[in-house]
1. Could you tell me which numbered condition residue 115 fails, if it satisfies all but one of (1) under 26 Å from residue 37 (Cβ atoms); (2) at pLDDT 75 or above; (3) in a strand (DSSP E or B)?
2. Counting only residues that are free of Cβ contacts under 8 Å to residues at least 60 places away in the same chain and under 20 Å from the mean Cα position of the chain (by Cα), which one in segment 93-125 is surrounded by the fewest Cβ atoms within 10 Å (Cβ to Cβ)?
3. Checking the condition surrounded by 22 or more Cβ atoms within 10 Å (Cβ to Cβ) and in the same structural domain as residue 117 (by TED's automatic domain parsing), which residue from 47, 60, 39, 73 passes?
4. I'm trying to understand the selection: among the residues of segment 69-96, which are at pLDDT below 90 and assigned to a loop (DSSP other than H, G, I, E, B)?
5. For segment 26-62, enumerate the residues that are over 20 Å from the mean Cα position of the chain (by Cα), in a helix (DSSP H, G or I) and within 14 Å of residue 76 (Cβ to Cβ).
6. For residue 15, indicate whether it is within 23 Å of the chain's Cα centre (by Cα) and at pLDDT below 95.
7. Take segment 137-154 and flag every residue that is modelled with pLDDT of 80 or more and assigned to a strand (DSSP E or B).
8. Given 104, 142, 138, which one is out of contact with any strand residue (DSSP E or B) (no Cβ under 9 Å at 6 or more places or on another chain) and over 21 Å from residue 4 (Cα atoms)?
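The values are calculated or read from the model by the stated rules, or taken from the named source; none is laboratory data. Everything quoted here is computed from the prediction, not taken from an experiment. Every residue, glycine as well, gets a Cβ built from its backbone with ideal geometry; the counts of neighbours run over all protein chains shown.
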C-alpha cells in the first residue's frame, strides 16, 4: 500500500491499531509503519518517537533552514505525551499532516499547522515504494507511454497498463465507466479529437481522459487525471489548478512545459 491509499482508507475513521487506550495519534503511525513502510509497529508515546527514534529513520531537528517532506513523521512537544502525524504537503510557513486525536477524540484527518511546538521529524532512510498507476488504454497501444510518464514524474510513478480495444468509434457521449473499474483510463483516438478532455467518473475513484495516440499528449492527460483525482479525493489544501481551466496557453506550450505536473508532484503524497 502507498501513502495515498493509506490516507484514503482511514480518512474520517477512528483507528485503534493496538487495541489499547482507544484511538490515539500513535495508532496512525503504527498502522503506517506496518501497512505502508512494511516495518514493525513501534511502542511508546508520540514524544518517545523523538527521543528514542526507531531504526531506519533519520532524525531531523526543526530549524530555520530545514523543512519536512511528504511522508516524514513530524513530532510535537505538546505536553504530556507529545503529538505525531504524517506529513502530507509542505509550504514555507505551514504544512499539512494526516493525523488522529487532534483535537482529542478526533478521527484520522488532514490538518494544517504552523511550525509552533514542532520538535522535528523522522525521515525514512529506506527506498520508498513507488505509486503504481493502474491505467487502461482504450484503443490502440501507445508506444513509449511508460517512458514519457517516467520522464515527467521524475520516476515516482510506475504504470500498470492494460490495453483494451475500442468497440465503438469514439463519441463524446460514450460511457467509459465500464472500462474503468477503479482504474485510470486513456481513450486513445486516431486521429486525435479537436478537444482533449479529462473527466472524473461519478462514484469511482478514477478518471478518464481523451487524447491523441502519441505518448506526449497522453502522458500530459495522465497528469490531468492525477490532478483531478488529488483534488477530488484528498480533501486537502492547496487546491491544484488544472491547466484545462487556464486560458491563454496553447497546447504546444502546455506539452512542453508540463506546468501542471510540478505543483502536483510537489504536493501529493507519492511515497512514504
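1. (3)
2. Ranking the candidates gives 94 first.
3. When all the criteria are applied, what remains is 73.
4. Once the filter is applied, which keeps residues that are at pLDDT below 90 and assigned to a loop (DSSP other than H, G, I, E, B), segment 69-96 yields 69, 70, 71, 79, 91, 92, 93, 94.
5. Result: 26, 46, 47, 48, 49, 50, 51.
6. In short, no.
7. The one that is modelled with pLDDT of 80 or more and assigned to a strand (DSSP E or B): 137.
8. Matching residue, one of 104, 142, 138: 104.
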